[in-house]
Amino acid sequence: MVDVLLGLQWGDEGKGKIVDYLASGYDIVARFQGGPNAGHTLYLGEKKYVLHTIPSGIFRNNVQNVIGNGVVIDPTIMCREIDQLSTSGIEFLSRLYIAKKAHLILPTHRLMDAVMEASKGKDKIGSTLKGIGPTYTDKVSRHGLRIGDIFLSDFEARYNKLKALHLQMASAYESVDFPLEEEEKTWMESIERLRKLQYVSSAYFINKAIRSGKKVLAEGAQGSMLDIDYGTYPFVTSSNTITSGVCNGLGIAPNKIGEVIGITKAYCTRVGSGPFPTELDGETGESIRKAGGEFGATTGRPRRCGWIDLPQLKYTIMINGVTQLVMTKADVLDNFDEIQAATSYNAEGKETDEVPFDMVTNCPLPIYKAYKGWKTDLTKIRKYDNFPSELRSYIEEVESLLETPFTIISVGPGREQLVLRTAEAMA
Ligand code: GDP
Ligand code: IMO
Ligand code: MG
(Lines give C-alpha, C1' and ligand atoms only; values in the text may rest on other atoms or scores of the structure.)
(Ligands and ions follow the chains in the order given, each with its own letter.)
Protein backbone atom coordinates (compact mmCIF):
# COMPACT_ATOMS: atom_id res chain seq x y z
CA MET A 1 0.00 0.00 0.00
CA VAL A 2 0.97 3.61 -0.45
CA ASP A 3 0.47 5.89 2.53
CA VAL A 4 0.36 9.59 1.76
CA LEU A 5 1.61 12.54 3.74
CA LEU A 6 0.55 15.95 2.53
CA GLY A 7 -0.05 19.55 3.59
CA LEU A 8 -3.60 20.66 4.39
CA GLN A 9 -2.98 24.41 4.26
CA TRP A 10 -0.96 26.64 1.89
CA GLY A 11 2.32 24.71 2.16
CA ASP A 12 5.22 24.73 4.63
CA GLU A 13 3.30 22.74 7.23
CA GLY A 14 6.45 20.83 8.19
CA LYS A 15 6.17 17.95 5.71
CA GLY A 16 9.94 17.49 5.41
CA LYS A 17 10.43 16.96 9.13
CA ILE A 18 7.55 14.52 9.48
CA VAL A 19 8.43 12.52 6.33
CA ASP A 20 12.01 12.20 7.59
CA TYR A 21 10.70 10.96 10.93
CA LEU A 22 8.20 8.50 9.46
CA ALA A 23 10.56 7.28 6.71
CA SER A 24 12.22 4.80 9.07
CA GLY A 25 8.99 2.76 8.89
CA TYR A 26 8.92 2.66 5.06
CA ASP A 27 10.89 1.04 2.22
CA ILE A 28 10.27 3.81 -0.30
CA VAL A 29 9.61 7.55 -0.10
CA ALA A 30 8.28 9.10 -3.32
CA ARG A 31 7.61 12.66 -4.43
CA PHE A 32 4.62 12.75 -6.80
CA GLN A 33 4.18 16.39 -7.87
CA GLY A 34 5.62 19.88 -7.69
CA GLY A 35 9.24 20.70 -8.18
CA PRO A 36 11.85 23.06 -6.78
CA ASN A 37 9.13 25.50 -5.68
CA ALA A 38 9.08 23.17 -2.64
CA GLY A 39 11.43 23.71 0.27
CA HIS A 40 11.30 20.91 2.83
CA THR A 41 13.37 21.55 5.92
CA LEU A 42 14.67 18.97 8.32
CA TYR A 43 17.33 18.76 10.95
CA LEU A 44 19.81 15.99 11.71
CA GLY A 45 21.12 17.12 15.08
CA GLU A 46 22.08 20.76 14.64
CA LYS A 47 22.53 20.49 10.88
CA LYS A 48 19.76 21.93 8.75
CA TYR A 49 18.87 20.55 5.30
CA VAL A 50 16.43 22.07 2.84
CA LEU A 51 15.28 19.72 0.08
CA HIS A 52 13.64 20.99 -3.10
CA THR A 53 13.44 18.07 -5.53
CA ILE A 54 14.93 15.18 -3.62
CA PRO A 55 12.56 13.22 -1.35
CA SER A 56 12.89 13.59 2.42
CA GLY A 57 13.55 9.85 2.87
CA ILE A 58 17.22 10.08 1.87
CA PHE A 59 18.49 10.39 5.44
CA ARG A 60 17.35 6.86 6.27
CA ASN A 61 19.90 4.39 4.91
CA ASN A 62 17.48 1.61 4.02
CA VAL A 63 14.97 3.79 2.25
CA GLN A 64 14.75 4.05 -1.55
CA ASN A 65 13.67 7.42 -2.88
CA VAL A 66 11.66 8.03 -6.02
CA ILE A 67 11.05 11.24 -7.95
CA GLY A 68 7.76 10.36 -9.67
CA ASN A 69 6.57 11.32 -13.15
CA GLY A 70 4.31 14.04 -11.77
CA VAL A 71 7.32 16.02 -10.57
CA VAL A 72 9.05 18.73 -12.64
CA ILE A 73 12.84 18.80 -12.44
CA ASP A 74 15.30 21.64 -12.87
CA PRO A 75 18.66 19.95 -13.54
CA THR A 76 20.63 22.93 -12.21
CA ILE A 77 18.79 23.00 -8.90
CA MET A 78 18.89 19.22 -8.62
CA CYS A 79 22.70 19.12 -9.11
CA ARG A 80 23.17 21.91 -6.60
CA GLU A 81 21.09 19.94 -4.12
CA ILE A 82 23.10 16.77 -4.79
CA ASP A 83 26.36 18.69 -4.26
CA GLN A 84 25.21 20.23 -0.99
CA LEU A 85 24.18 16.84 0.35
CA SER A 86 27.37 15.16 -0.83
CA THR A 87 29.49 17.87 0.83
CA SER A 88 27.69 17.07 4.07
CA GLY A 89 28.60 13.40 3.64
CA ILE A 90 25.05 12.21 2.88
CA GLU A 91 25.20 9.28 0.45
CA PHE A 92 21.96 8.59 -1.29
CA LEU A 93 22.46 8.45 -5.07
CA SER A 94 22.46 4.65 -5.11
CA ARG A 95 19.00 4.83 -3.49
CA LEU A 96 17.56 7.53 -5.76
CA TYR A 97 15.33 6.65 -8.74
CA ILE A 98 13.97 9.18 -11.18
CA ALA A 99 10.87 8.62 -13.32
CA LYS A 100 11.76 9.04 -16.99
CA LYS A 101 8.42 10.73 -17.53
CA ALA A 102 9.11 13.59 -15.12
CA HIS A 103 9.13 16.85 -17.08
CA LEU A 104 12.17 19.10 -17.41
CA ILE A 105 12.24 22.73 -16.36
CA LEU A 106 14.24 24.65 -18.98
CA PRO A 107 15.95 27.97 -18.26
CA THR A 108 13.40 29.57 -20.59
CA HIS A 109 10.56 28.18 -18.46
CA ARG A 110 11.97 30.34 -15.67
CA LEU A 111 12.22 33.26 -18.06
CA MET A 112 8.55 32.75 -19.00
CA ASP A 113 7.59 32.60 -15.31
CA ALA A 114 9.42 35.89 -14.73
CA VAL A 115 7.88 37.81 -17.65
CA MET A 116 4.40 36.49 -16.97
CA GLU A 117 4.56 37.38 -13.27
CA ALA A 118 5.96 40.84 -14.05
CA SER A 119 3.12 41.44 -16.52
CA LYS A 120 0.52 40.74 -13.81
CA GLY A 121 1.67 43.73 -11.73
CA LYS A 122 -0.27 43.96 -8.47
CA ASP A 123 -2.24 40.81 -9.37
CA LYS A 124 0.89 38.66 -9.41
CA ILE A 125 0.61 35.17 -7.96
CA GLY A 126 3.77 35.49 -5.92
CA SER A 127 5.30 32.53 -7.73
CA THR A 128 8.63 31.17 -6.54
CA LEU A 129 9.75 31.86 -10.15
CA LYS A 130 11.16 28.37 -10.53
CA GLY A 131 9.41 27.86 -13.87
CA ILE A 132 6.73 25.58 -12.44
CA GLY A 133 3.67 27.05 -14.21
CA PRO A 134 5.27 27.25 -17.68
CA THR A 135 6.65 23.69 -17.39
CA TYR A 136 3.29 22.17 -16.47
CA THR A 137 1.69 24.31 -19.19
CA ASP A 138 4.04 22.77 -21.77
CA LYS A 139 3.26 19.29 -20.44
CA VAL A 140 -0.47 19.85 -20.94
CA SER A 141 0.11 21.59 -24.29
CA ARG A 142 2.00 18.46 -25.33
CA HIS A 143 5.31 19.98 -26.27
CA GLY A 144 7.26 19.61 -23.04
CA LEU A 145 10.51 17.71 -22.63
CA ARG A 146 10.78 14.80 -20.23
CA ILE A 147 13.89 13.83 -18.34
CA GLY A 148 13.99 10.50 -20.21
CA ASP A 149 14.46 12.55 -23.40
CA ILE A 150 18.01 13.46 -22.35
CA PHE A 151 19.05 10.03 -23.70
CA LEU A 152 17.67 10.71 -27.18
CA SER A 153 20.23 11.45 -29.89
CA ASP A 154 18.33 14.58 -30.94
CA PHE A 155 17.82 15.92 -27.42
CA GLU A 156 19.68 19.14 -28.15
CA ALA A 157 17.60 19.83 -31.26
CA ARG A 158 14.42 19.28 -29.24
CA TYR A 159 15.76 21.61 -26.57
CA ASN A 160 16.54 24.32 -29.11
CA LYS A 161 13.10 24.03 -30.68
CA LEU A 162 11.34 24.48 -27.35
CA LYS A 163 13.67 27.29 -26.33
CA ALA A 164 12.93 29.13 -29.61
CA LEU A 165 9.20 28.79 -28.92
CA HIS A 166 9.66 30.21 -25.42
CA LEU A 167 11.71 33.14 -26.66
CA GLN A 168 9.04 33.92 -29.21
CA MET A 169 6.33 33.79 -26.54
CA ALA A 170 8.41 35.85 -24.10
CA SER A 171 8.86 38.56 -26.71
CA ALA A 172 5.15 39.33 -26.37
CA TYR A 173 5.83 40.51 -22.82
CA GLU A 174 7.90 43.31 -21.41
CA SER A 175 11.44 42.00 -21.07
CA VAL A 176 13.08 41.24 -17.71
CA ASP A 177 16.71 40.79 -16.75
CA PHE A 178 17.57 37.14 -17.24
CA PRO A 179 21.12 35.82 -17.83
CA LEU A 180 19.99 33.19 -20.31
CA GLU A 181 23.38 32.22 -21.75
CA GLU A 182 24.91 31.69 -18.33
CA GLU A 183 21.88 29.76 -17.07
CA GLU A 184 21.85 27.62 -20.18
CA LYS A 185 25.52 26.68 -19.81
CA THR A 186 25.04 25.46 -16.22
CA TRP A 187 21.83 23.70 -17.21
CA MET A 188 23.55 21.76 -20.02
CA GLU A 189 26.42 20.79 -17.70
CA SER A 190 23.85 19.60 -15.17
CA ILE A 191 22.10 17.49 -17.82
CA GLU A 192 25.43 15.73 -18.46
CA ARG A 193 25.68 14.90 -14.78
CA LEU A 194 22.07 13.75 -14.51
CA ARG A 195 22.66 11.19 -17.29
CA LYS A 196 24.62 9.15 -14.73
CA LEU A 197 21.69 8.72 -12.30
CA GLN A 198 19.16 5.86 -12.15
CA TYR A 199 15.96 6.10 -14.19
CA VAL A 200 12.80 4.05 -13.86
CA SER A 201 9.16 3.89 -14.79
CA SER A 202 7.65 5.02 -11.50
CA ALA A 203 4.47 3.06 -12.34
CA TYR A 204 6.31 -0.29 -12.64
CA PHE A 205 8.75 0.53 -9.85
CA ILE A 206 6.09 1.40 -7.28
CA ASN A 207 3.57 -1.26 -8.30
CA LYS A 208 6.20 -4.02 -8.20
CA ALA A 209 7.29 -2.76 -4.79
CA ILE A 210 3.70 -2.86 -3.54
CA ARG A 211 3.27 -6.39 -4.89
CA SER A 212 6.37 -7.56 -3.07
CA GLY A 213 4.98 -6.22 0.22
CA LYS A 214 7.06 -3.05 0.45
CA LYS A 215 5.73 0.01 2.24
CA VAL A 216 5.64 3.25 0.30
CA LEU A 217 5.19 6.78 1.64
CA ALA A 218 4.17 9.46 -0.89
CA GLU A 219 5.51 12.90 0.08
CA GLY A 220 3.35 15.84 -0.91
CA ALA A 221 4.71 19.24 -1.84
CA GLN A 222 2.94 22.59 -1.44
CA GLY A 223 -0.45 22.31 0.26
CA SER A 224 -4.03 21.41 -0.62
CA MET A 225 -5.11 25.07 -0.78
CA LEU A 226 -2.52 25.53 -3.55
CA ASP A 227 -3.97 22.67 -5.62
CA ILE A 228 -4.61 23.70 -9.24
CA ASP A 229 -8.23 22.45 -9.13
CA TYR A 230 -9.28 22.81 -5.50
CA GLY A 231 -7.10 25.63 -4.20
CA THR A 232 -7.65 29.39 -4.12
CA TYR A 233 -7.45 29.72 -7.93
CA PRO A 234 -5.72 31.54 -9.59
CA PHE A 235 -3.43 31.97 -6.55
CA VAL A 236 -2.31 28.35 -6.66
CA THR A 237 0.51 26.22 -8.01
CA SER A 238 0.17 24.25 -11.26
CA SER A 239 -0.12 20.68 -10.01
CA ASN A 240 -2.57 18.48 -8.12
CA THR A 241 -1.19 18.61 -4.61
CA ILE A 242 -3.98 16.45 -3.15
CA THR A 243 -4.23 12.67 -2.72
CA SER A 244 -5.53 12.14 -6.26
CA GLY A 245 -2.20 13.60 -7.46
CA VAL A 246 -0.47 10.57 -5.97
CA CYS A 247 -2.23 8.27 -8.45
CA ASN A 248 -1.36 10.47 -11.42
CA GLY A 249 2.09 11.35 -10.24
CA LEU A 250 3.32 7.85 -9.41
CA GLY A 251 1.17 5.62 -11.61
CA ILE A 252 -0.76 3.78 -8.92
CA ALA A 253 -4.46 3.02 -8.67
CA PRO A 254 -6.72 4.68 -6.05
CA ASN A 255 -7.28 1.33 -4.31
CA LYS A 256 -3.56 1.20 -3.50
CA ILE A 257 -3.81 4.26 -1.24
CA GLY A 258 -3.68 3.37 2.46
CA GLU A 259 -3.42 5.95 5.23
CA VAL A 260 -3.66 9.61 4.28
CA ILE A 261 -1.78 11.68 6.83
CA GLY A 262 -2.68 15.36 6.68
CA ILE A 263 -0.44 18.00 8.24
CA THR A 264 -1.49 21.33 9.66
CA LYS A 265 0.37 23.88 11.70
CA ALA A 266 -1.20 24.82 15.05
CA TYR A 267 -1.86 28.12 13.24
CA CYS A 268 -1.71 28.95 9.53
CA THR A 269 0.67 30.57 7.07
CA ARG A 270 0.73 31.49 3.43
CA VAL A 271 3.56 32.80 1.24
CA GLY A 272 2.78 34.64 -1.97
CA SER A 273 -0.47 36.38 -2.91
CA GLY A 274 -4.06 35.24 -2.59
CA PRO A 275 -6.89 35.01 -0.09
CA PHE A 276 -6.19 34.05 3.50
CA PRO A 277 -9.31 34.53 5.67
CA THR A 278 -7.62 34.22 9.07
CA GLU A 279 -4.58 36.36 8.24
CA LEU A 280 -3.37 38.58 11.09
CA ASP A 281 -1.86 41.80 9.78
CA GLY A 282 -0.90 43.36 13.08
CA GLU A 283 1.20 42.59 16.10
CA THR A 284 -0.16 39.07 16.69
CA GLY A 285 0.77 37.99 13.16
CA GLU A 286 4.22 39.47 13.65
CA SER A 287 4.63 37.58 16.95
CA ILE A 288 3.75 34.28 15.24
CA ARG A 289 6.15 35.01 12.37
CA LYS A 290 8.93 35.74 14.82
CA ALA A 291 8.29 32.78 17.13
CA GLY A 292 7.82 30.40 14.20
CA GLY A 293 10.71 31.68 12.07
CA GLU A 294 8.16 32.04 9.30
CA PHE A 295 10.33 32.89 6.32
CA GLY A 296 10.19 30.87 3.08
CA ALA A 297 12.58 27.90 2.82
CA THR A 298 12.88 28.42 -0.95
CA THR A 299 12.67 32.18 -1.40
CA GLY A 300 13.34 33.61 2.09
CA ARG A 301 10.16 35.72 1.81
CA PRO A 302 8.31 36.48 5.08
CA ARG A 303 5.29 34.20 5.37
CA ARG A 304 1.88 35.68 6.09
CA CYS A 305 0.60 34.35 9.44
CA GLY A 306 -2.85 33.81 10.92
CA TRP A 307 -4.98 31.57 13.12
CA ILE A 308 -5.89 28.00 12.28
CA ASP A 309 -8.91 27.83 9.96
CA LEU A 310 -11.20 24.87 10.65
CA PRO A 311 -13.63 25.27 7.70
CA GLN A 312 -10.56 25.28 5.45
CA LEU A 313 -9.18 22.16 7.16
CA LYS A 314 -12.54 20.36 6.98
CA TYR A 315 -12.50 21.01 3.23
CA THR A 316 -8.98 19.71 2.68
CA ILE A 317 -9.58 16.70 4.94
CA MET A 318 -12.61 15.92 2.75
CA ILE A 319 -10.92 16.24 -0.65
CA ASN A 320 -7.89 14.26 0.48
CA GLY A 321 -9.64 11.49 2.42
CA VAL A 322 -7.43 12.23 5.43
CA THR A 323 -7.39 9.40 7.97
CA GLN A 324 -5.07 10.97 10.55
CA LEU A 325 -3.73 14.40 11.36
CA VAL A 326 -0.37 15.79 12.38
CA MET A 327 -0.16 19.13 14.18
CA THR A 328 3.19 20.89 13.80
CA LYS A 329 4.69 23.95 15.47
CA ALA A 330 2.50 23.74 18.58
CA ASP A 331 5.51 25.16 20.47
CA VAL A 332 5.32 28.38 18.45
CA LEU A 333 2.19 29.33 20.43
CA ASP A 334 3.82 28.66 23.82
CA ASN A 335 3.80 32.30 24.92
CA PHE A 336 0.33 33.37 23.88
CA ASP A 337 -2.26 34.18 26.60
CA GLU A 338 -5.00 33.23 24.22
CA ILE A 339 -5.16 31.55 20.83
CA GLN A 340 -8.00 31.47 18.36
CA ALA A 341 -9.45 29.09 15.80
CA ALA A 342 -11.90 30.00 13.04
CA THR A 343 -14.81 27.60 13.47
CA SER A 344 -17.00 28.98 10.67
CA TYR A 345 -17.16 31.83 8.15
CA ASN A 346 -19.42 34.74 7.46
CA ALA A 347 -19.59 34.58 3.67
CA GLU A 348 -21.69 37.33 2.09
CA GLY A 349 -23.77 37.72 5.24
CA LYS A 350 -24.40 34.01 5.83
CA GLU A 351 -22.72 31.77 8.35
CA THR A 352 -21.21 28.69 6.75
CA ASP A 353 -18.53 26.12 7.43
CA GLU A 354 -17.90 25.58 3.72
CA VAL A 355 -15.13 27.14 1.65
CA PRO A 356 -16.91 29.40 -0.86
CA PHE A 357 -16.28 29.45 -4.63
CA ASP A 358 -14.99 32.98 -4.68
CA MET A 359 -12.45 33.64 -1.97
CA VAL A 360 -10.59 36.18 -4.08
CA THR A 361 -13.05 39.04 -4.49
CA ASN A 362 -15.23 38.01 -1.53
CA CYS A 363 -12.93 36.66 1.14
CA PRO A 364 -15.13 35.19 3.91
CA LEU A 365 -14.83 36.64 7.39
CA PRO A 366 -13.75 34.12 10.01
CA ILE A 367 -15.87 33.53 13.10
CA TYR A 368 -13.51 32.68 15.93
CA LYS A 369 -13.53 30.70 19.10
CA ALA A 370 -10.89 31.63 21.69
CA TYR A 371 -8.85 29.09 23.66
CA LYS A 372 -6.77 29.71 26.75
CA GLY A 373 -3.03 29.62 26.01
CA TRP A 374 -0.88 26.99 27.74
CA LYS A 375 2.06 29.27 28.56
CA THR A 376 4.41 26.31 28.86
CA ASP A 377 7.60 25.36 27.03
CA LEU A 378 6.53 22.34 24.98
CA THR A 379 9.83 21.69 23.25
CA LYS A 380 11.09 19.06 25.69
CA ILE A 381 7.80 17.26 26.25
CA ARG A 382 7.62 13.77 24.69
CA LYS A 383 4.43 12.34 26.24
CA TYR A 384 0.89 13.40 25.51
CA ASP A 385 -0.07 13.13 29.18
CA ASN A 386 2.64 15.66 30.03
CA PHE A 387 1.13 18.32 27.80
CA PRO A 388 -0.57 21.17 29.68
CA SER A 389 -4.31 20.64 29.99
CA GLU A 390 -5.05 23.78 27.91
CA LEU A 391 -3.17 22.28 24.94
CA ARG A 392 -4.88 18.91 25.33
CA SER A 393 -8.28 20.62 25.37
CA TYR A 394 -7.35 22.58 22.24
CA ILE A 395 -6.15 19.46 20.39
CA GLU A 396 -9.12 17.38 21.47
CA GLU A 397 -11.69 20.00 20.56
CA VAL A 398 -10.10 20.68 17.16
CA GLU A 399 -9.92 16.98 16.28
CA SER A 400 -13.51 16.48 17.36
CA LEU A 401 -14.63 19.39 15.13
CA LEU A 402 -12.55 17.95 12.29
CA GLU A 403 -13.76 14.39 12.99
CA THR A 404 -10.21 13.13 12.45
CA PRO A 405 -7.63 12.24 15.12
CA PHE A 406 -4.27 13.93 15.67
CA THR A 407 -1.70 11.12 15.90
CA ILE A 408 1.46 13.25 16.05
CA ILE A 409 2.04 16.64 17.67
CA SER A 410 5.32 18.29 16.73
CA VAL A 411 6.93 20.55 19.32
CA GLY A 412 10.13 21.70 17.63
CA PRO A 413 12.09 21.42 14.39
CA GLY A 414 14.27 18.51 15.58
CA ARG A 415 13.66 14.96 14.37
CA GLU A 416 12.71 13.68 17.82
CA GLN A 417 10.80 16.76 18.94
CA LEU A 418 7.38 15.21 18.69
CA VAL A 419 4.73 13.48 20.71
CA LEU A 420 3.01 10.36 19.43
CA ARG A 421 -0.57 9.89 20.56
CA THR A 422 -1.04 6.42 21.94
CA ALA A 423 -4.25 4.44 21.53
CA GLU A 424 -5.09 5.01 25.24
CA ALA A 425 -4.59 8.76 25.00
CA MET A 426 -7.02 8.84 22.10
CA ALA A 427 -9.66 6.58 23.65
P1 GDP B 1 7.54 21.91 4.46
O2 GDP B 1 7.67 22.66 3.18
O3 GDP B 1 6.13 21.49 4.72
O4 GDP B 1 8.50 20.77 4.60
O5 GDP B 1 7.89 22.96 5.62
P6 GDP B 1 9.10 24.02 5.61
O7 GDP B 1 10.37 23.32 5.79
O8 GDP B 1 9.00 24.94 4.44
O9 GDP B 1 8.71 24.92 6.85
C10 GDP B 1 8.53 24.36 8.11
C11 GDP B 1 9.51 25.05 9.08
O12 GDP B 1 9.13 24.77 10.40
C13 GDP B 1 10.94 24.53 8.95
O14 GDP B 1 11.82 25.57 9.26
C15 GDP B 1 11.00 23.43 10.01
O16 GDP B 1 12.33 23.23 10.50
C17 GDP B 1 10.14 24.02 11.09
N18 GDP B 1 9.41 23.07 11.92
C19 GDP B 1 8.82 21.89 11.58
N20 GDP B 1 8.15 21.37 12.62
C21 GDP B 1 8.30 22.25 13.64
C22 GDP B 1 7.79 22.31 14.99
O23 GDP B 1 7.04 21.46 15.45
N24 GDP B 1 8.17 23.40 15.74
C25 GDP B 1 8.97 24.39 15.25
N26 GDP B 1 9.28 25.40 16.05
N27 GDP B 1 9.45 24.37 14.00
C28 GDP B 1 9.10 23.32 13.20
P1 IMO C 1 6.37 23.41 0.11
O2 IMO C 1 6.43 22.06 -0.54
C3 IMO C 1 4.53 27.34 0.25
C4 IMO C 1 3.30 29.12 -3.53
C5 IMO C 1 4.06 30.34 -4.01
C6 IMO C 1 2.98 31.05 -4.79
C7 IMO C 1 2.20 29.90 -5.42
C8 IMO C 1 2.62 29.57 -6.87
O9 IMO C 1 7.66 23.88 0.66
O10 IMO C 1 5.24 23.47 1.08
P11 IMO C 1 4.74 28.49 -8.00
O12 IMO C 1 6.21 28.70 -7.75
O13 IMO C 1 4.29 27.10 -7.77
O14 IMO C 1 4.32 29.04 -9.31
O15 IMO C 1 4.02 29.42 -6.90
O16 IMO C 1 2.44 28.76 -4.60
N17 IMO C 1 4.14 27.94 -3.25
C18 IMO C 1 4.42 27.52 -2.02
N19 IMO C 1 4.11 28.05 -0.82
N20 IMO C 1 5.21 26.19 0.19
C21 IMO C 1 5.51 25.64 -1.01
O22 IMO C 1 6.06 24.42 -1.12
C23 IMO C 1 5.15 26.32 -2.18
N24 IMO C 1 5.31 26.09 -3.50
C25 IMO C 1 4.69 27.08 -4.15
O26 IMO C 1 4.53 31.11 -2.93
O27 IMO C 1 2.11 31.71 -3.91
MG1 MG D 1 8.35 24.53 2.47
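A compact table of results
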quantity	calculated
Residues being in contact (Cβ under 8 Å) with a residue 24 or more places away in the chain, outside any helix (DSSP H, G or I) and over 22 Å from GLY16 (Cα atoms) - total across region 278-306	3
Scope region 290-320; condition at positive phi and within 10 Å of ligand 1 (Cβ to nearest atom); matching residues	GLY293
Region 220-245: number of residues that are of a type in the set (Ser, Thr, Tyr), within 15 Å of ligand 1 (Cβ to nearest atom) and assigned to a loop (DSSP other than H, G, I, E, B)	3
Long-range neighbours under 6 Å by Cβ, at least six apart or interchain, first residue open to solvent by less than 10 Å² (accessible area, probe 1.4 Å) within region 24-47, second among the acidic types (Asp, Glu)	VAL29/GLU219; ARG31/GLU219; PRO36/ASP74; LEU42/ASP20
Filter result for LYS120 (open to solvent by 60 Å² or more (accessible area, probe 1.4 Å), closer than 18 Å to GLY35 by Cα and either in a helix (DSSP H, G or I) or more than 16 Å from ligand 1 (Cβ to nearest atom) (or both))	no
Candidates PHE151, PHE205, PHE235, filtered to the one that is crowded, with 17+ Cβ neighbours inside 10 Å, touching a residue at least 40 places away in the same chain (Cβ under 8 Å) and either more than 24 Å from the chain's Cα centre (by Cα) or within 23 Å of PHE92 (Cβ to Cβ) (or both)	PHE205
Tally, over region 298-331, of residues that are touching a helix residue (DSSP H, G or I) at 6+ places or on another chain (Cβ under 8 Å), within 16 Å of ligand 3 (Cβ to nearest atom) and open to solvent by 10 Å² or more (accessible area, probe 1.4 Å)	4
Answer residue from region 36-52, given it is more than 9 Å from the chain's Cα centre (by Cα) and part of a loop (DSSP other than H, G, I, E, B) and is nearest to ligand 3 (Cβ to nearest atom) among those	HIS52
Every residue from region 51-85 that is basic (Lys, Arg) and within 23 Å of PRO107 (Cβ to Cβ)	ARG80
Residue that is nearest to ligand 3 (Cβ to nearest atom) [pool: residues in region 53-80 that are out of contact with any Leu (no Cβ under 9 Å at 6 or more places or on another chain) and open to solvent by less than 10 Å² (accessible area, probe 1.4 Å)]	THR53
Residue check, GLN9 in contact with a Ser or Thr (Cβ under 9 Å, 6 or more places away or on another chain) and within 13 Å of ligand 3 (Cβ to nearest atom)	yes
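To keep it simple, each residue is scored yes or no on (1) among the basic types (Lys, Arg); (2) over 13 Å from ALA341 (Cα atoms); (3) open to solvent by 70 Å² or more (accessible area, probe 1.4 Å); (4) assigned to a loop (DSSP other than H, G, I, E, B).
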residue: VAL355; (1), (2), (3), (4): no, yes, no, yes
residue: MET359; (1), (2), (3), (4): no, yes, no, yes
residue: PRO366; (1), (2), (3), (4): no, no, no, no
residue: ALA370; (1), (2), (3), (4): no, no, no, no
residue: ARG382; (1), (2), (3), (4): yes, yes, yes, yes
residue: ASP385; (1), (2), (3), (4): no, yes, yes, no
residue: TYR394; (1), (2), (3), (4): no, no, no, no
residue: VAL398; (1), (2), (3), (4): no, no, no, no
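Let's see how each residue does on (1) out of contact with any Ser or Thr (no Cβ under 9 Å at 6 or more places or on another chain); (2) surrounded by 15 or more Cβ atoms within 10 Å (Cβ to Cβ); (3) of a type in the set (Lys, Arg); (4) not in a loop (DSSP other than H, G, I, E, B):
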{"position": "SER94", "(1), (2), (3), (4)": "yes, no, no, yes"}
{"position": "HIS109", "(1), (2), (3), (4)": "no, yes, no, yes"}
{"position": "MET116", "(1), (2), (3), (4)": "no, yes, no, yes"}
{"position": "GLY126", "(1), (2), (3), (4)": "no, yes, no, no"}
{"position": "TYR136", "(1), (2), (3), (4)": "no, yes, no, yes"}
{"position": "GLU156", "(1), (2), (3), (4)": "yes, no, no, yes"}
{"position": "GLN168", "(1), (2), (3), (4)": "yes, no, no, yes"}
{"position": "LYS185", "(1), (2), (3), (4)": "yes, no, yes, yes"}
{"position": "GLU192", "(1), (2), (3), (4)": "yes, no, no, yes"}
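The values are calculated or read from the model by the stated rules, or taken from the named source; none is laboratory data. Remember, predicted model here, so these are calculated numbers, not experimental data. Counting neighbours? That spans all protein chains shown, and the Cβs are built from the backbone with ideal geometry, glycine included. Remember, those area values only see protein heavy atoms, side chains included, never the ligands or the DNA or RNA. Shrake-Rupley method; radii C 1.70, N 1.55, O 1.52, S 1.80 Å.
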